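Asks: Below is one structure. I have some questions about it.
Coordinate-derived values only; no laboratory data. Everything quoted here is computed from the prediction, not taken from an experiment. Cβ placement follows ideal geometry from the backbone for every residue including glycine, while neighbour counts extend to all protein chains displayed.
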Amino acid sequence: MEAHARATHFPIIGSTAGYVCYQLARMIGARRVFELGSGFGYSTAWFARAVQENLAAQAEGEGVVHHVVWDEELSRQARGHLHALGYSDIVRYHVGEAVAALSQTPGPFDLIFNDIDKQAYPASLPVIAAKLRPGGLLIVDNVLWSGRIFDADDQSPATKGVRELTRLATQDSDWISTILPIRDGLLVAFKVGSGSAT
Ligand SMILES: C[S@@+](CC[C@H](N)C(=O)[O-])C[C@H]1O[C@@H](n2cnc3c(N)ncnc32)[C@H](O)[C@@H]1O
């Protein structure tokens, strides 16, 4: 999958950020994961590996990783890759807009990963907060945005979207957030509180 991404110049999270996602999902024992902006399934594979191992460690229950992309062909490729990796029983596929798919899917989730178009980041946060269990984790990719977040002259919708999501997640007391400066920056946000999620 990494060779395919290199050959096609497709923006996957890469092995270092992927491994951190896998580790975090293992650390919280995640069994229900929702991914927004899944591409051909590379980041999905890291989460599916974690869920598969968590299920084995817990010796009970069911696990799921939701794969969502609005491109039919990428979804088809993901089914092939994730089947070959042995994750067919775990992954559920949605073709469509990711935030809409999340709002239509019954939760709550242990972990939500966000890698959609960056201008849509801020509006996705309330939907994510409503679907994540208290004590759950949100991981957001590209929050350093190749350094563009620091360029005051860059007022593009994507860059502003990344800045605003970061501002919301770091200033709202419902989240305990940090930016891991790994690859293009991973925001890791812990959902505080004892309220319910749907
Ligand atoms: C950066 S790539 C994702 C790569 C994937 N997370 C990985 O690391 O393997 C984002 C993918 O999600 C799609 N996408 C972006 N915004 C989306 C949205 N709002 N709903 C559905 N798909 C979206 C893009 O077209 C692209 O295929």
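Asks: If you stretched the chain out fully between residue 146 and residue 60, how much longer would it get, using 0.36 nm times the residue separation minus the C-alpha to C-alpha distance?
Replies: Taking 0.36 nm per residue and subtracting the Cα distance, the gain is 26.8 nm.
Asks: Then there's this: For the pair residue 183 and residue 83, what calculated FRET efficiency results from E = 1/(1 + (r/R0)^6), where r is the Cβ-Cβ distance and R0 = 35 Å, to the nearest 0.05?
Replies: E between residue 83 and residue 183, to the nearest 0.05, is 0.80.
Asks: OK, next. Once you treat every alpha carbon in the chain as an equal point and sum by Debye, what is log10 I(q)/I(0) at q = 0.10, 0.12, 0.15 Å⁻¹?
Replies: Taking Cα atoms of the chain as identical point scatterers yields -0.37, -0.55, -0.88.
Asks: In vacuo Debye scattering of region 21-60, one point per C-alpha: log10 I(q)/I(0) at q = 0.25, 0.27, 0.33, 0.36 Å⁻¹?
Replies: -0.77, -0.87, -1.13, -1.25
Asks: Taking the Cα atoms of region 71-140 alone, what are Rg (to one decimal) and Dmax (as a whole number) in Å?
Replies: Computed over the Cα atoms of region 71-140, radius of gyration and Dmax are 13.2, 35 Å.
Asks: Another question, if that's okay. Can you give the net charge of the other residues whose Cβ lies under 14 Å from the Cβ of residue 21, counting K and R as +1 and D and E as -1?
Replies: Net local charge, residue 21 excluded: -3.
Asks: Here is a follow-up. What residues qualify as long-range amide H neighbours of residue 132, i.e. H under 5 Å apart, gap of 5 or more or another chain, H built at 1.01 Å from N?
Replies: Amide H neighbours of residue 132: 109.
Asks: Here's another thing I want to ask about it. Please label the shape of region 126-186 as rounded, prolate or oblate, based on the square roots a ≥ b ≥ c of the eigenvalues of the alpha-carbon gyration tensor (a/c under 1.5 means rounded; beyond that, a/b larger than b/c means prolate, else oblate).
Replies: Prolate, since a/c reaches 1.5 and a/b exceeds b/c.
Asks: Give the value in nm², to one decimal: projected area of the alpha carbon convex hull of region 1-41, averaged over all directions.
Replies: For region 1-41, the mean projected area of the Cα convex hull comes to 3.2 nm².
Asks: If you don't mind, there's one more thing I want to ask. What is the sum of charges around residue 96, taking Lys and Arg as +1, Asp and Glu as -1, for the other residues whose C-beta is under 11 Å from the C-beta of residue 96?
Replies: -3
Asks: 222 nm [θ] for the chain, helices only, -39500 (n - 2.57) per DSSP H run of 4+, per residue, to 500?
Replies: Per the formula, -13000 deg cm²/dmol.
Asks: A further question on this structure: Report the gain in length on full extension from residue 4 to residue 16: 0.36 nm times residue separation, minus Cα-Cα distance, nm rounded to one decimal.
Replies: 2.6 nm
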